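Working notes, beginning with the structure itself.
The values are calculated or read from the model by the stated rules, or taken from the named source; none is laboratory data. Just so it is clear, the model here is predicted, and its values are computed rather than measured. All Cβ positions, glycine included, derive from the backbone under ideal geometry; neighbour counts span all protein chains shown.
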Number of protein chains: 2
Amino acid sequence: MAISKRVAGIQPFYVMDILSRAKALERQGRDVIHLEIGEPDFPTPPLVAQYATDFVRRGEIRYTPAAGLAELRQAIAKHYRDRYGVQVESERIFITPGASGGFLLAMALLLDEGDKVLLEDPGYPCYSNFVRLFGGIPSLVPVGASTRFHLNSEILSATWDHRTKGAVIASPSNPTGAVLRPDELKALVEELERRSAFLISDEIYHGLEYDEPSPTALAFSDRVFVVNSFSKYFGMTGWRVGWLVVPADGIDNVEKLAQNLFISAPAPSQYAALASFMEMNLQELEQRRRVFQERRDFLCDHLQKIGFSIKTIPSGAFYVYADCSRFTSNSFDFALSLLEETGVAVTPGKDFGKNAPESHLRFSYAVTLDRLAAAVERIKSFTQRGLGVRR
Amino acid sequence: MAISKRVAGIQPFYVMDILSRAKALERQGRDVIHLEIGEPDFPTPPLVAQYATDFVRRGEIRYTPAAGLAELRQAIAKHYRDRYGVQVESERIFITPGASGGFLLAMALLLDEGDKVLLEDPGYPCYSNFVRLFGGIPSLVPVGASTRFHLNSEILSATWDHRTKGAVIASPSNPTGAVLRPDELKALVEELERRSAFLISDEIYHGLEYDEPSPTALAFSDRVFVVNSFSKYFGMTGWRVGWLVVPADGIDNVEKLAQNLFISAPAPSQYAALASFMEMNLQELEQRRRVFQERRDFLCDHLQKIGFSIKTIPSGAFYVYADCSRFTSNSFDFALSLLEETGVAVTPGKDFGKNAPESHLRFSYAVTLDRLAAAVERIKSFTQRGLGVRR
């Protein structure tokens, strides 16, 4: 089959190899602890489920407007006022099928063939592929502990060239959990505006912060694009509902794109999401956040004791990106062998870019503290037996 | 804002002007009959709603595999056996967020910058925009009554050039409701294969046929791409769930794309869709199909009596694409004025291409027979008063 150049350039996710081996082991009766997972382990919040079933029972489940339910767009605008003290007109908010839908819209709007986009490395692998999808060129910028795994305005200036059209940042970051400070984010926004370049700020892990809250890029400019979702903090992964905030002069074009690309986000999910901002639900989510925080503390502490190096303590999301160079020079083989020997599944660094992936692993803490403790014991014994050192 | 060339090339849907005027009239207390609608007027089938609420109550609403729930893919494979007598391996079936998601995957897989794609004109306007999205060039091929508003192998050969990479067809067609005969479809499939070109067959209106069933392109080749959805025949528009069938050697690449573009289709919608193929539900859908058929007969009959010309009686979907040249040389102005004077909303031809759009209107019959009768009365009186003749 004659496939497009862009598809040929898309890497598979290496974690899929881990996952498929994990499933094979489970079929053999082995107990696998899943620290490779990218979704919270909590069920849909009860009030959200209730809103969904009430809506479905009424039976009239139609296409919504392409931009989404007006009530939900207004509820999100209120969320920006209540949580961040930022004014965002609801007309600028588009409801999308997950954060993925937001990236599709923003990239389709902004990119022409050959446009370069700066991406933090390590970072979420799909960004590169969204850029490629529309003929753009992903430009991976290595970021490390010295800037707490984030782009900043100096790195931006140093890596800029005439083909660069903009940047994508994510705070809290996947895989590092690192949070950008407000002054850094502000400087980055201003530097990009000075260059008439776009910023897409991925704020999907907002709310899942354990030390200080993440600022929204919208606090510093109404020219940025903000992608967010109900998947992570709001615990609605399988529902596929998120949002994109666009500058006012982008509304008409993004609406055209949404009409063509999605028609609308799923209606039951949009109605369900309306419950997200109810006080009762927010209390439930805060409770969950504290559970995540406890797990983070536990996991960071124990991984360090075992001998992993964590250069920046993750302040958000539910991941620890740990340096495993004391045990291996090939994190992918290490991950496969850890799984094989102990039944602990983790994600290899090479899913997150080209910046020292062979010495990093991502540990997710979307499992209970009990399971996390069991995983830590297994990992400890694995490393003590020297099994991690394979080549 | 610097927007991409592709977005600048996307036409807005003119029906949006009609819709927004219709809403303004409704706010003034006017009764509007909506014959511009592209979705069935029936509620979600009860069994489907039941499956959804049962699933949501269990609370574990996670990402599904990128290709979709295995049970649903198997149920669709069984549907191909039961309904068409065609064998399709479930591994070739990808569950997508509506048919839109299927087009995204197929076009992203197949198109490089500058590739030409043949499209039937009149046809569904989003095809052009999906082609443009990935740098392709939509090539509108005028089709008329002589080929019952469809591409055929002769037209294909006559319009082919070295940049052409494939074609999209839709049967039953939106806006014409025309159904391709099996021999015509077979010849088309063979002609495209002879040219090593792709065919994307949009079968979203399958099941809504009133004279003879539509063949699936899968009956003639396992190299075609078939887009379908639970939206129309299965009555699940707002749920956003559809499917894409791909050739076996496309599976890995389409899976990579799905992982990146969607993560997965909405889980509650996928579980709900499982009910679609239950005998009790199929009986309900057959009942609905007969209601549509009655409306089609009524509307075609009366529009012709009023003086509209219907060159090919629509055999499927829920649209009549009628020639209004006896009344106007500008169907868009006619539609606006019909709405203003009588409160009947229809879709102007120019939403469907460049092939005599000014002399065509699309009438949807996704309203009750009573409302259809009222609409017909209003249209009749409007044309008799000569109000349609404005310029």
Inset, instruction - Considering only the range A:238-249, state which residues are outside any loop (DSSP other than H, G, I, E, B), surrounded by fewer than 24 Cβ atoms within 10 Å (Cβ to Cβ) and touching a residue at least 60 places away in the same chain (Cβ under 8 Å). - result: A:248
Inset, instruction - Mind listing just one residue for me: the one in the range A:20-56 that is outside any loop (DSSP other than H, G, I, E, B) and in contact with a strand residue (DSSP E or B) (Cβ under 7 Å, 6 or more places away or on another chain) and, of those, farthest from the other protein chains (Cβ to nearest Cβ)? - result: A:33
Legend entry - the range B:202-228 residues that are under 19 Å from residue B:152 (Cα atoms) and at pLDDT 95 or above, paired with ones that are in a strand (DSSP E or B) and of a type in the set (Ser, Thr, Tyr) (beta carbon under 6 Å, 6 or more apart): B:217/B:201; B:224/B:201; B:226/B:201
Inset, instruction - Could you check, for the range B:175-183, whether at least one of its residues is buried (at least 24 other Cβ atoms within 10 Å of the Cβ) and under 21 Å from residue B:93 (Cβ atoms)? - result: no
Inset, instruction - Scan the range B:62-76 for residues that are among the small types (Gly, Ala, Ser) and either in a loop (DSSP other than H, G, I, E, B) or buried (at least 21 other Cβ atoms within 10 Å of the Cβ) (or both) and report the count. - result: 3
Inset, instruction - Please state which one of A:376, A:367, A:344 is of a type in the set (A, V, I, L, M, F, W, C), within 22 Å of residue A:124 (Cβ to Cβ) and modelled with pLDDT of 95 or more. - result: A:367
Legend entry - Qualifying positions in the range A:100-122 - more than 25 Å from residue A:357 (Cα to Cα), within 7 Å of chain B (Cβ to nearest Cβ) and part of a helix (DSSP H, G or I): A:104, A:108, A:109, A:110
Legend entry - Qualifying positions in the range B:332-378 - in a loop (DSSP other than H, G, I, E, B) and in contact with a strand residue (DSSP E or B) (Cβ under 9 Å, 6 or more places away or on another chain): B:343, B:346, B:352, B:353, B:354, B:355, B:356, B:365, B:366, B:367
Legend entry - Subset of the range B:1-12 [at the interface with chain A (Cβ under 7 Å from one of its Cβ atoms), surrounded by fewer than 20 Cβ atoms within 10 Å (Cβ to Cβ) and not β-branched (Val, Ile, Thr)]: B:1, B:5, B:12
Inset, instruction - May I ask you to list the residues in the range A:87-98 that are more than 9 Å from every other protein chain (Cβ to nearest Cβ) and in contact with a strand residue (DSSP E or B) (Cβ under 7 Å, 6 or more places away or on another chain)? - result: A:88, A:92, A:93, A:94, A:95, A:96
Inset, instruction - Mind counting the residues in the range A:8-46 that are touching a Lys or Arg at 6+ places or on another chain (Cβ under 7 Å) and free of Cβ contacts under 8 Å to residues at least 24 places away in the same chain? - result: 1
Inset, instruction - Pull up the range B:250-281, narrow it to residues that are assigned to a helix (DSSP H, G or I) and of a type in the set (Phe, Trp, Tyr), then point me to the one that is nearest to the other protein chains (Cβ to nearest Cβ). - result: B:271
